[in-house]
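The values are calculated or read from the model by the stated rules, or taken from the named source; none is laboratory data. As the structure is a prediction and not an experimental result, all values here were calculated from the model. Because the Cβ atoms are built from the backbone with ideal geometry, glycine has one as well, and the counts that use them run over all protein chains shown.
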Amino acid sequence: MQANKIEIIDADSEKLLRISMEGQLALNLEEMQAIKKYFFELGRNPTDVELETFAQTWSEHCVHKTFKGLIKTPSGEVDNLLKSTVARVTHELSPEWCFSVFEDNAGIVDFEGDYAIAFKVETHNHPSSIEPFGGAATGVGGVIRDILGVWGEPIANTDVLCFGNLDINYSELPTGFKHPRFIFKYVVAGIGYYGNNMGIPTVNGAIIFDNSYITNPLVYCGTVGIVNKSKYRREAKVEDILILAGGKTGRDGIHGVTFASTELGDNAEEIFSVAVQIGDPIEEEKIKRALLEIKDKKLGNAITDLGGGGLSSAIGEMADTFNCGAMVYLEKVPLKYPNMKPWEIWVSESQERMLVIVPEKNKESVLEIFDSEEVEAMEIGRLTGDGLLKAFHEREKVAEISIEFLFHSIPRVVRSAEFKENVLKEPEFEMGNLGEDLKSILAMPNIASKESVIRTYDHEVRASAG
């Protein structure tokens, strides 16, 4: 199946925006014009695979455009919110216990001896609004894979969940949105399903109710893991082999990262239902065991998970990180369905997949370990020295993009912000029946016991006596 050419070189602004909207690319006009200029200078139109690559790489989810942008305020400009605040302080203080921060799948800090602690948190809000069970479950699965993606062993989960008020009347809901009680029930079930099946306890968290979360809940998932510092590897190089391991690739999760960059409307479920991934914690448990053995035997040079953006994101980011190019053969990717288009294979966000980068001499040993755990694994390409991201499908070149342009020429987001002064007023209250008032306060959803939720999570599964 061949890639399609997308006519953008001669497209005016209106057509560029239409291409973005109809393709669910979530690219704005400035970004589409930058892509048009790039391919005009190459003297050709992009393929659908290439355009999807830009949409994925330049999505808010993958590149954090707002955080890295320029924010204008009445008192001055803030250049790159993340680097100028949290990251800046961390780097200036440069604490010796920071083993790896702001550069890998999870942050890692020293613990004791050869042990370090890895921690990763991530939101899965939009998917949980569309399909609460699957959205929350794959949110947990994603942060567990991020711990695996630093050669760590996941040991505990945490979460912060925010929903609309559970007693809101259906007539007050915006058209097309699910009731908070439904979202609450199935988000909690999805989180328990994934963690419990993998035997990873959920040890703490928070639940908040407020009507600001009616149209988009906050599903903030986190995982903690243990890393052996002496076995941590992040040193991939040209000619290393790309091994894809885990679940088969399907159409679930396509456009997940561009979906996360859009505002939800009353027809979001109809348009974006395919963007919600399908989780399989049992498959991830098998992958975990295989990766821990590969780590212990020091067979891999680098590792990352396939989360948002799928192969496009994982391979592209690895090539950029190690100043390489990459050659990928999409027909080698194991598929759930026949006749998937090259661009679908490339950006699918099917779950429970990892990319392990290994030297040629270790390839067979790594494949044997995956096979011993009944995890499907396949060599799908290698790192190259030409600085180009190249993808082939059945001998046809379906993409060739400069890594430098793809990752370092993203049009900058510029926003304005004003700070409003908070005026605090003394609360007005009347002295009533203190006992009854206390009962009313304790019955408020934000204060009441969360035991009914906590007991659905296995929080003791890894405990041991003695």
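Quick check, is ARG44 assigned by TED's automatic domain parsing to the domain that holds ILE9 and touching a strand residue (DSSP E or B) at 6+ places or on another chain (Cβ under 9 Å)?
Yes, satisfied.
If a residue must be in a helix (DSSP H, G or I) and not charged (D, E, K, R), how many such residues does the range 285-314 contain?
Filtering the range 285-314 down to residues in a helix (DSSP H, G or I) leaves 285-296, 310-314.
After this cut, where a residue has to be not charged (D, E, K, R) as well, the list is 287, 290-292, 294, 310-314.
The number of residues fulfilling the criteria is 10.
Just checking: which of the helices (runs of 4 or more DSSP H) contained wholly in the range 65-116 hold 3 or more residues that are over 29 Å from LEU27 (Cα atoms) and of a type outside the set (Val, Ile, Thr)?
Where helices (runs of 4 or more DSSP H) fall fully within the range 65-116 and carry at least 3 residues being over 29 Å from LEU27 (Cα atoms) and of a type outside the set (Val, Ile, Thr), they are 86-93.
Criterion first (surrounded by fewer than 24 Cβ atoms within 10 Å (Cβ to Cβ), modelled with pLDDT of 95 or more and more than 21 Å from ILE243 (Cβ to Cβ)) does SER402 satisfy it?
Yes; evaluated as a whole, the condition is true for this residue.
Say we look at the range 196-243 and pick out the residues that are in contact with a Ser or Thr (Cβ under 9 Å, 6 or more places away or on another chain) and among the aromatic types (Phe, Trp, Tyr); which of these is nearest to LYS120 (Cα to Cα)?
TYR220
Check GLU30 against each of (1) in contact with a Pro (Cβ under 6 Å, 6 or more places away or on another chain); (2) within 13 Å of ALA399 (Cβ to Cβ) and name the one condition it does not meet.
(2)
Residue by residue through the range 412-442, note down the ones that are more than 31 Å from the chain's Cα centre (by Cα) and either surrounded by 10 or more Cβ atoms within 10 Å (Cβ to Cβ) or touching a residue at least 40 places away in the same chain (Cβ under 8 Å) (or both).
Matches in the range 412-442: ASP437, LEU438, LYS439, SER440, ILE441, LEU442.
Spot the failing condition for TYR213; the list is (1) within 30 Å of ASP296 (Cα to Cα); (2) out of contact with any helix residue (DSSP H, G or I) (no Cβ under 6 Å at 6 or more places or on another chain), and only one is missed.
Of the numbered conditions (1) within 30 Å of ASP296 (Cα to Cα); (2) out of contact with any helix residue (DSSP H, G or I) (no Cβ under 6 Å at 6 or more places or on another chain), the odd one out for TYR213 is (1).
So, in the range 147-173, exactly how many residues are farther than 30 Å from VAL109 by Cβ and surrounded by fewer than 24 Cβ atoms within 10 Å (Cβ to Cβ)?
So the count comes out to 9.
Which of (1) modelled with pLDDT of 95 or more; (2) farther than 18 Å from VAL414 by Cα is the odd one out, the single condition VAL89 does not satisfy?
Tallying (1) modelled with pLDDT of 95 or more; (2) farther than 18 Å from VAL414 by Cα, VAL89 fails exactly one: (1).
Look at GLU376 and say whether it is of a type in the set (Asp, Glu), surrounded by fewer than 22 Cβ atoms within 10 Å (Cβ to Cβ), under 18 Å from ILE35 (Cα atoms) and modelled with pLDDT of 95 or more.
Answer is no for this residue.
Quick check on my filter: what residues within the range 40-60 are crowded, with 19+ Cβ neighbours inside 10 Å and over 22 Å from the mean Cα position of the chain (by Cα)?
Residues satisfying the conditions are PRO46, THR47, ASP48.
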